[in-house]
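These notes concern the structure reproduced below.
The values are calculated or read from the model by the stated rules, or taken from the named source; none is laboratory data. Quick caveat, the model's predicted, so the values are computed rather than measured. Cβ placement follows ideal geometry from the backbone for every residue including glycine, while neighbour counts extend to all protein chains displayed. Only protein heavy atoms, including side chains, enter the accessible area calculation; ligands, DNA and RNA are left aside. Shrake-Rupley method; radii C 1.70, N 1.55, O 1.52, S 1.80 Å.
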Amino acid sequence: MSEKTASLRESFISALATADTMEALEAIRVEYLGKKGLVTDLLKDMKNLSPEDKKTFGQAVNVLKEEVTEMIAAKREEIKKAEIERENSLMPEFDISTPANLDRGSYHPITLVQRQCEEIFKSMGFAVEDYSEIVTDYECFEALNIPKNHPARDMQDTYYLSNGQLLKSHTSAAQNAIYKKYKDALIREGKPIKAIFPGRCFRNEATDACHENTFFQMEGVMVDKNISISNLIFFMKTMLSEVFQKDIKVRLRPGFFPFVEPGFELDISCLICGGEGCASCKHSGWLELCPCGMIHPEVLKAGGIDPEEYTGFAFGLGLTRLAMMKYGVKDIRDLNSGSLKVLSQFTDDK
Ligand code: PHE
């Protein structure tokens, strides 16, 4: 009978040698030690043995059982160790003695002006909203009173996705959603809609020092009863004087955008010469900064707001332009270049 235990031992050892995963090991364990396993099976033959032989055979089986259990436990540890080593070998080398890199990186100048504008508008009671860069044709154009084939679409050619959606060509694309979000509070509770929504915009442009296919704007809207152009001028003047930390004069010129009526181009007094006239402002004393206007009745209607009862203003501040003016960046392409030489100059201004 001892040959039987010996040969089972042999077959177990060679099976164990082939197991290199936990699953394979578990299968072997069940095969040998399970209730109907091979080791337990040996005991079936006991009934035909003499009491003397039964004792020795029983002992031999028990010894084998213990041995098998131990070998499985040892193999389990071995596989675990190998798995950890394999995982470690996939990790990048990490040298804990390398000194820390103390160069902290810096905020992008556009992020800096954006945050500053957000703080200023928040302090005047405006909510800051975030909106998707991918929008529908309805949001970007139709809801803004720019129907299909309207010539105003030419100025805002953008990038279209195969599903018909597009990369927003201006932050005005969020207006409709903002009106729908806040209109109930306006109508039921009389809470004016005051929101700004900064965002990345895209246009199919040939790039040069003043044009980029990717740029940032910050849209702002305010809707309530009796909102007029004076409210618009007040908020813009306050915000710009804060951003530039000096009293800024503003003026409005007529400008056309299908979603505002009347529409304006807002100019600010030249930052370099203070309005005297210099090369930067082409000797006019003014810099063009921000298109704006009174929200068109059709646009309010599309947002679920009755234009007979409510009026509002909207502006589209060019954050990229603002950053260029504030930091004296001459070429817009520098801002998208990712060049640390350019961008790290603004680190201290947080
Ligand atoms: N969305 C317009 C543009 O990008 C700017 C704008 C916003 C004009 C709000 C008027 C009112 O050209």
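Could you grab the relative contact order for the stretch 188-277? Cα pairs under 8 Å, six or more apart, rounded to a whole percent. Please list the in-between numbers first.
Values: 91 pairs, mean separation 16.3, N = 90.
After rounding, I find 18 percent.
Kindly provide the helix-only [θ] at 222 nm of the chain, computed as the sum of -39,500 (n - 2.57) over DSSP H runs of four or more divided by all residues, to the nearest 500 deg cm²/dmol? Let's see the in-between values first.
Values: 12 runs with 148 residues, N = 350.
One gets -13000 deg cm²/dmol as the mean residue ellipticity at 222 nm.
Identify unpaired cysteines across the chain, taking unpaired to mean no other cysteine Cβ lies under 4.7 Å from the residue's Cβ.
Here Cys117, Cys140, Cys201, Cys210, Cys290, Cys292 come out as lacking a disulfide-compatible partner, given the Cβ-Cβ threshold of under 4.7 Å.
For the chain, what ratio Rg/Rh do Cα atoms give with a Kirkwood hydrodynamic radius? Walk me through the numbers before you get to the answer.
Numbers: Rg = 37.3 Å, Rh = 26.3 Å.
Value, to two decimals: 1.42.
Name the residue farthest towards the positive end of the dipole of the chain from the options His283, Val342, Gly304, assuming +1 on Cβ of Lys and Arg, -1 on Cβ of Asp and Glu, about the Cα centre.
Among His283, Val342, Gly304, the one farthest towards the positive end of the dipole of the chain is Gly304.
What do you get for Rg/Rh of the stretch 226-350 when both radii come from the Cα atoms and Rh is the Kirkwood radius? Display every interim value, and only then the final one.
Working: Rg = 17.1 Å, Rh = 16.3 Å.
For the stretch 226-350, the value is 1.05.
Order the following by accessible area, largest value first: Tyr179, Tyr131. Probe radius 1.4 Å; ligands, DNA and RNA are ignored. Write out the running numbers ahead of the final one.
Details: Tyr179 0, Tyr131 65 Å².
Putting Tyr179, Tyr131 in descending order of accessible area: Tyr131, Tyr179.
Leaving out ligands and nucleic acids, and using a 1.4 Å probe, what accessible area per residue does the stretch 1-142 come to in Å²? Each step should come with its number before you reach the end.
Details: 9820 Å² over 142 residues.
Accessible surface, normalised per residue, equals 69 Å².
Using the alpha carbons of the stretch 109-217, what is the convex hull volume per residue in cubic angstrom, as a whole number?
117
How do Leu38, Leu335 rank by accessible surface area computed with a 1.4 Å probe, from largest to smallest? Spell out each step's value before the answer.
Values: Leu38 60, Leu335 5 Å².
Ranked from most to least accessible, the order is Leu38, Leu335.
Rank Ser132, Asn176, Ala73 by how far each Cα sits towards the positive end of the charge dipole of the chain (+1 on Lys, Arg Cβ; -1 on Asp, Glu Cβ) and give me just the farthest.
Farthest towards the positive end: Asn176.
Only Cα pairs under 8 Å and at least 6 apart count here; give the relative contact order of the chain as a rounded whole percent. Don't skip to the end; give the middle numbers.
On the way: 511 pairs, mean separation 54.9, N = 350.
Relative CO of the chain lands at 16 percent.
Kirkwood hydrodynamic radius of the stretch 2-90 from all distinct Cα pairs, in Å? Walk me through the numbers on the way to the answer.
Numbers: mean 1/r = 0.0703 Å⁻¹.
Every distinct Cα pair counted, the radius reaches 14.2 Å.
Under a Cβ-only charge scheme (Lys and Arg +1, Asp and Glu -1), can you give me the dipole magnitude of the stretch 2-90 about the Cα centre, in debye to the nearest 20? Can you show the working numbers first?
Values: 15 positive and 18 negative charges, 86 e Å.
Rounded to the nearest 20 debye, it is 420 debye.
Working from the alpha-carbon coordinates of the stretch 56-158, get Rg over Rh, Rh being the Kirkwood radius.
Details: Rg = 33.8 Å, Rh = 22.7 Å.
When Rh is taken as the Kirkwood radius, the ratio is 1.49.
Run the dipole for the chain about the Cα centre, Lys and Arg Cβ at +1, Asp and Glu Cβ at -1, nothing else charged, and hand back the magnitude in debye, nearest 20. It would help to have the intermediate numbers written out before the result.
Working: 43 positive and 53 negative charges, 123 e Å.
Roughly 600 debye, rounded to the nearest 20.
Please name whichever of Gly34, Thr56, Ala15 sits farthest to the positive end of the charge dipole of the stretch 2-90, dipole taken about the Cα centre and charges placed at Cβ: Lys and Arg +1, Asp and Glu -1.
Of the options given, the answer is Thr56.
Just in the stretch 286-350: which GluC sites (Glu not before Pro) are loop by DSSP and have at most 14 other Cβ atoms within 10 Å?
Values: sites: Glu288, Glu298, Glu308, Glu309; in loops: Glu308, Glu309.
Listed in order of number, the matching sites are Glu308, Glu309.
Can you work out the Karplus-derived ³J(HN,Hα) for every residue in the stretch 126-134? Use 6.51 cos²θ - 1.76 cosθ + 1.60 with θ = phi - 60°, whole Hz, and x for glycine or proline.
8, 7, 9, 10, 10, 9, 4, 7, 9
May I ask you to list, by number, the DSSP H helices of the chain whose Cα span along the axis is at least 15 Å and whose average Kyte-Doolittle hydropathy reaches 1.0 or more?
Length and hydropathy pass: 229-244.
Rounded to a whole number, what % of the accessible area of the chain do carbon and sulfur atoms account for, probe 1.4 Å? Mind dumping the intermediate values first?
On the way: 10440 of 19870 Å².
Answer for the chain is 53 percent, counting heavy atoms of protein chains only.
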